Amino acid sequence: MKQAKCIVNKHFKIADIDERIYGSFIEHMGRAVYTGIYEPEHQTADEQGFRKDVIEAVNELNVPIVRYPGGNFVSGYDWKDGIGPKEQRPTRLDYAWLSIENNQFGINEFADWSRKANTQGMIAVNLGSGTPQEAGYFAEYCNIDKGTYWSDKRREHGYEQPHNFKVWCLGNEMDGPWQTCALTAQEYANKARETAKILKWVDPNIELVACGSSSKEMDTFPEWDRTVLEACYEHVDYISLHRYYEYEQDKASFLAAYHDLDDFIHTIKSTADYVKAKNRSDKVMMLSLDEWNVWYIKHMDTKRWQWAPAIAEDVYSLMDALVVGGLLTTIVNNADRVKMACLAQLVNALAPIHTAPNGGVLKHATYYPFQQVSRYGRGSVYRNMVVCGEVETDKYGNVPELATVTTYDESNNEMAFFVLNTNLEQDITLDLQIEEFGELQLIEQQVLTGEDLFAVNSFESPQNVKPVSIDVTSKTDTQFQFILPKTSWTMLRFKQL
Ligand code: AHR
């Protein structure tokens, strides 16, 4: 059998993990909001129309921050349409998804839903058709206590306490020709900087995210990021990254997505550090990977001018779940610079949680690796020194066949180790050597694998693709050996004695 070795040492800590790297995203897109998180007629709906079965699935996923209201949607959205008495809210055309938006769910409903789902909001403002002034009014409505036009309006609408949203995104993917009122890099840079000034005047305690390139494939990447950062460096706290993957022809390339994401993050880090030097700044720019996932965008079917159409409802397979696991290892290993990340998205639209209108909740295969890492990948992340073979990929050349990450949480003395074996043919024996943490007891081992990489979950067979637990002996040690099945995702948990 193939052999590999991984050494983890307590002296090689990468960073403390900001829990917001386990964020997600709810956009007014397809059925994410309507018949997703909000369905007043549903049998589990609470008094506000929020589906309690969905809240339960979100709670189990441990998502500390949720981006809202878009996405492409935000670039044509007037937040004022979604406040005040519901019967007076206008029905509009949504240019992003060519859908009908009836505005029954707006910012106040989102604030209430977030509290119930045990999460906080990351709010995007409209820098497409919207203006810096309207963004300022939005922040005033949400975050100012009282005594101004917009803060008093919020009180009139039944919300005495400000929502105090802490994180605000300065638009969305403004480099994309598909965006409502897309901008050039310099136009966006100026608009984002002026909006940033207003938002921080309104509330100096907030954090701001500037739009980076919407993907590595954009012709303007990474020049866009440089231009934006040069103009906005001292006004913003994060630059955003968006990245989606889909299986095309070559399984090895798809499984190596973790490697490509690492490359993307490194390019943006380098670009930000170049601007730091050029601007003679002391500040280190942090990254917000506020959209990432597997997305079968080429299969997307747009239905014109329907309310809550079923669009982008990808049914994720075992292979997709393995890729999501690999991407998570990259995100956590970059926790020194990636302080926020959002699995895009959360419910129905390219999401781990699927709902049937008037029916049940289904957890797609991708739900599980996310849940494991979000739940146990807490505390700090440590460098893994890995010796392993390589796989040949069409897209990225030769890539290490294992993607790994180790976290240790001082608050409960628990360590978690996650590993993706991308080898399509062979199991691998892994020697795991854990140094300077003292004796550890293996307390849990779960493996996600299967013969059929295209297997999925369905309402008829909801547990078809799910990690299985393996019996662990109560052995304590500093060295362990495990078999990693071909194309598998493994979680190991240890308790420090
Ligand atoms: O998450 C789906 C879409 O992907 C978002 O609306 C947009 O920002 C990105 O292109």
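General remarks:
- Across region 332-369, the number of residues qualifying as among the polar types (S, T, N, Q), closer than 20 Å to C169 by Cβ and away from the ligand (no atom under 16 Å from the Cβ) comes to 1.
- Residues that are part of a loop (DSSP other than H, G, I, E, B) and either touching a Pro at 6+ places or on another chain (Cβ under 8 Å) or modelled with pLDDT of 95 or more (or both), drawn from region 471-497: P485, K486, T487
- Test: A257 is surrounded by fewer than 23 Cβ atoms within 10 Å (Cβ to Cβ) and touching a residue at least 24 places away in the same chain (Cβ under 8 Å): no
To keep it simple, each residue is scored yes or no on (1) in a strand (DSSP E or B); (2) aromatic (F, W, Y).
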site: N398; (1), (2): yes, no
site: S411; (1), (2): no, no
site: F417; (1), (2): yes, yes
site: L420; (1), (2): yes, no
site: N423; (1), (2): no, no
site: Q426; (1), (2): no, no
site: L432; (1), (2): yes, no
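- The number of residues in region 289-331 being closer than 22 Å to S214 by Cβ, away from the ligand (no atom under 14 Å from the Cβ) and aliphatic (A, V, I, L, M) comes to 5.
- Every condition in (1) in contact with a helix residue (DSSP H, G or I) (Cβ under 7 Å, 6 or more places away or on another chain); (2) more than 16 Å from the ligand (Cβ to nearest atom) is met by M286 except one, and the failing one is (1).
- Those strands (runs of 3 or more DSSP E) of region 327-370 in which 3 or more residues are of a type in the set (A, V, I, L, M, F, W, C) and in contact with a helix residue (DSSP H, G or I) (Cβ under 9 Å, 6 or more places away or on another chain) occupy 338-343.
- Looking at E60, E27, E47, E39, just one residue is in the same structural domain as S214 (by TED's automatic domain parsing), under 22 Å from L327 (Cβ atoms), over 15 Å from the mean Cα position of the chain (by Cα) and among the charged types (D, E, K, R), and that residue is E60.
- Long-range neighbours under 7 Å by Cβ, at least six apart or interchain, first residue of a type in the set (G, A, S) within region 235-253, second within 16 Å of the ligand (Cβ to nearest atom): S240/C169; S240/V209; S240/A210; S240/C211; S240/G212; S240/S288; S240/D290
- Which listed residue is within 17 Å of the chain's Cα centre (by Cα), farther than 23 Å from I17 by Cα and crowded, with 16+ Cβ neighbours inside 10 Å, from A312, A308: A312
The values are calculated or read from the model by the stated rules, or taken from the named source; none is laboratory data. Everything numeric in this text was worked out from a predicted model, so none of it was measured. Note: ideal-geometry Cβ built from the backbone for every residue, glycine included; neighbour counts use all protein chains shown.
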